[in-house]
Amino acid sequence: MSGAVTYAPAKGRRRKIQTAAPAVTPVQAEDAAPPVKPKAKVKTPRTAYAEAAKTSLEARNEMIVEYLPLVKFVASRIASRLPSHIELNDLINSGIIGLIDAIEKFDASRKIKFKTYAEFRIKGAILDELRALDWVPRSTRQKASRLERAYAELEQMLGRAASDAEMMEFLGISLEEFDQLVREARGVALISLDELQGGDHDENFERNLLEYLADPEHMSPAQVMNLDQVYKIVADAIDQLPEKERLVISLYYYEELTMKEIGEILSITESRVSQIHTKAILRLRGRLTKLLGD
């Protein structure tokens, strides 16, 4: 009989032997209790915050890697106008701080492209670092300001762009002295909108400036009108530049070529391109500062 207990003699003693366990029928299997599932892990607020922070950090790191080439590009372009003792890696590090700041403060509701906003922040961080280093001697700043004012005053008198010879006569200096002034002003000739504003802007300055960077279709009629005025002032100032300076500005800022590439196109040295660029920026700074100050 299946499942029965039997006894067999063993040296005068009886021992208990059990046969195999009885088979479970399908009906019995269905009646058996289902296996107990492990309880789901309950997320505490601290756990949820940690996971969200980890995800946010990963996303930020991915964006840093994605836009690192932009940081290097902006830093390299600024470095090309600075003395050789300024380390490119220091500018890149400052640019990365600007990029992180852009990632954390970017507001998509303003309808501004992130790349545009990031480039603005990256350049701003690098220029802030350069100002903090105060690597330009006061005497050099004074010489650059002297050139800016001279360009603005002389060209207002002439009603056109002044030649190098006219500038030398106006300043009462020789060709060698003029070239030296331009070389020393190379690093100072970094256009900064807050400097053109006189440095005394209110708390809404950044918001207003970023409105200028917004896509035109998302701007109000008043914003479009203000932006058109800014474009017109800058465009008019550029149009009044001498032909070669205007070409260098176009190739450098609009075509985004390097000084070396521009030199190859114009068949001149990179140093000569830098000199032309510096004179163009000094003219523009002089004119724009005067216009914004009037």
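All of the numbers you see were taken from the coordinates with simple rules; none came from a lab. Source: prediction; values computed, not measured. No Cβ is skipped: glycine too gets one built from the backbone with ideal geometry, and neighbour counts run over all protein chains shown.
Tabulated results
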{"read-out": "Residue order, fewest to most surrounding Cβ atoms within 10 angstrom, among His85, His277", "value": "His85, His277"}
{"read-out": "Ser56-Asp128 pseudo-label distance in nm [points 7 Å out on the Cα-to-Cβ vector]", "value": "2.0 nm"}
{"read-out": "Per DSSP, loop trypsin sites (Lys or Arg not before Pro) in region 59-116 with at most 14 further Cβ within 10 Å", "value": "Lys111, Lys113"}
{"read-out": "Stokes-Einstein D in µm²/s, Kirkwood radius over Cα pairs - region 50-131 at 25 °C with 0.890 mPa s viscosity", "value": "185 µm²/s"}
{"read-out": "Computed lengthening from Leu68 to Glu176, 0.36 nm per intervening residue step minus Cα-Cα distance", "value": "34.8 nm"}
{"read-out": "Proxy reagent accessibility, fewest Cβ within 10 Å first, across Met63, Met157", "value": "Met157, Met63"}
{"read-out": "Filtered GluC sites (Glu not before Pro), region 246-294: DSSP coil and at most 16 other beta carbons within 10 Å", "value": "Glu255, Glu256"}
{"read-out": "Sequence-separation-based contact order of region 50-131, relative, with Cα cut under 8 Å and 6+ spacing, percent", "value": "33 percent"}
{"read-out": "Extension reserve of the Ala235-Gln142 stretch, reckoned as 0.36 nm per residue once the Cα distance is removed", "value": "30.8 nm"}
{"read-out": "Length-normalised contact order for region 91-171 - Cα pairs under 8 Å, 6+ apart - percent", "value": "27 percent"}
{"read-out": "Ile97 paired with Ser84, simple spin-label distance in nm, labels 7 Å along Cα-to-beta-carbon", "value": "2.7 nm"}
{"read-out": "Charge context of Ile281, other residues only, Cβ under 10 angstrom, K/R +1, D/E -1", "value": "+3"}
